[in-house]
Amino acid sequence: MYGVVTGEVDEFGQPDEDSVIVALAGDPLYVGVKLLDQEYKLADVRLLAPVLPRSKVVGIGRNYAAHAAEMGTDVPDEPLMFLKPNTSVVGPGDPIYYPAQSCEVHFEGELAVVIGRICRDVPAELATDVIYGYTIANDVTARDLQRGDGQFTRAKGFDSFCPLGPWIETDLDPQTFADGVRIQTHLNGDLKQDGSTSDLIFDIPMLIAYVSSVMTLLPGDVILTGTPSGVGPMEVGDEVEISIAGLGTLTNTVTSRN
Ligand code: MG
């Protein structure tokens, strides 16, 4: 079921212990919703991915200069676009499965934009009209396969390689991200990534304009805006937490498939 999280939140958008979810009938992106007379304590429910894209997750590579530098590459002249299959999406708390084909699986903490309407050729100045909201993503990447393959489909396409959540924030002013929102990744409690969305090379309106000039975007499609510097490997048993101010924290644990 869908629901609306209500309650007070801290500076990272993490709700307090008394928060509840009011259940919704329907689907916010396709058929509309109706508030139900049902409430659940947040602590008592298992959150699923807040959106399962019907068609695509669009990734953007090297969109922070410091990350491009740590990868030994230049900042691209145009957004570097790739796709992750919707079967890679999992929710908060779900395992990230370490694939047998890789020995180097990296976390990439990212701001994710959820598209709210069917659209193409969206001018940048109208881009916020097609945004449903924002959530957190981990663009999990098998770095060794990415290097070896020379393209990204296998390296970024494994099942469970796109954790999304914990929910979609629908009330944020898009200017907030241009002004700078802190994005942090902790691995087993150690701070690994500490960036700001003000350092995005191509901002969100430009990304929507660019992507929609190539392909029609559908409600529920997700655009991953790129990762700040500090990416690194995860091992089986590791817990990875990505926090974005105002959006909360997305936590997943790396697990062996067998
Ligand atoms: Mg990425």
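Every number here is computed from the coordinates shown, using simple stated rules; none is lab data. Just so it is clear, the model here is predicted, and its values are computed rather than measured. For neighbour counting, all protein chains shown are included, and Cβ atoms are generated from backbone atoms with ideal geometry for every residue, glycine included.
Each label was represented as a point 7 Å from its Cα along the Cα-to-Cβ direction; for Val75 and Asp129 these points are 3.0 nm apart. First select every other residue whose beta carbon is under 10 angstrom from the beta carbon of Gly248; then total the charges, Lys and Arg +1, Asp and Glu -1. Result for the local shell: -2. Of the residues Asp203, Asp159, Asp173, the one that moves most in a GNM of the chain with alpha-carbon contacts below 10 Å is Asp173. For the chain, the Cβ-based charge dipole about the Cα centre amounts to some 1080 debye (Lys, Arg positive; Asp, Glu negative; other atoms uncharged). Rounded to the nearest 20, the size of the Cβ-charge dipole of segment 1-148 about its Cα centre is 760 debye, with Lys and Arg at +1 and Asp and Glu at -1. Projecting the Cα atoms of Leu247, Met206, Leu172 onto the charge dipole of segment 162-258, computed from C-beta unit charges around the Cα centre, puts Met206 farthest toward the positive end. Entry note, the chain: relative contact order of 28 percent, from Cα contacts under 8 Å with a spacing of 6+ residues. In a fully extended conformation the segment linking Ala178 and Asp190 would gain 1.6 nm over its present Cα-Cα distance, using 0.36 nm per residue.
Extension gain, Lys41 to Ser19: 0.36 nm times the residue separation minus the Cα-Cα distance gives 7.3 nm. Each peptide among 164-172, 122-130, 235-243, 222-230 gets the average number of other Cβ atoms lying within 10 Å of its residues, and from highest to lowest they stand as 222-230, 164-172, 235-243, 122-130.
Considering only Leu52, Ala112, His67, and ranking their Cα positions along the charge dipole of the chain that arises from unit charges at the beta-carbon of Lys, Arg, Asp and Glu, the one farthest toward the positive end is Leu52.
Listed by chain and number, the lysines whose alpha-carbon sits under 25 Å from that of Lys192, ignoring those within fewer than 8 places in the same chain, are Lys84, Lys156. Among residues other than Gly189 with Cβ under 13 Å from its Cβ, the summed charge is -3 (Lys and Arg +1, Asp and Glu -1).
Electrostatic bookkeeping for Val20 treats Lys and Arg as +1 and Asp and Glu as -1; over the other residues with beta carbon under 10 Å from its beta carbon, the sum is -2.
Using Cβ point charges alone (K and R +1, D and E -1), the dipole size of segment 97-139 about the Cα centre works out to roughly 200 debye. Look at the dipole of the chain built from charges on Cβ: of Gln146, Ile183, Val122, the Cα furthest out on the positive end belongs to Gln146.
The length gained on full extension between Thr253 and Asp149, counted as 0.36 nm times the residue separation minus their Cα-Cα distance, comes to 34.8 nm.
Among the chymotrypsin sites (Phe, Trp or Tyr not before Pro) found in segment 1-106, those both in a DSSP coil and sparsely packed, with 14 or fewer other Cβ atoms within 10 Å of their Cβ, are Phe12, Tyr30.
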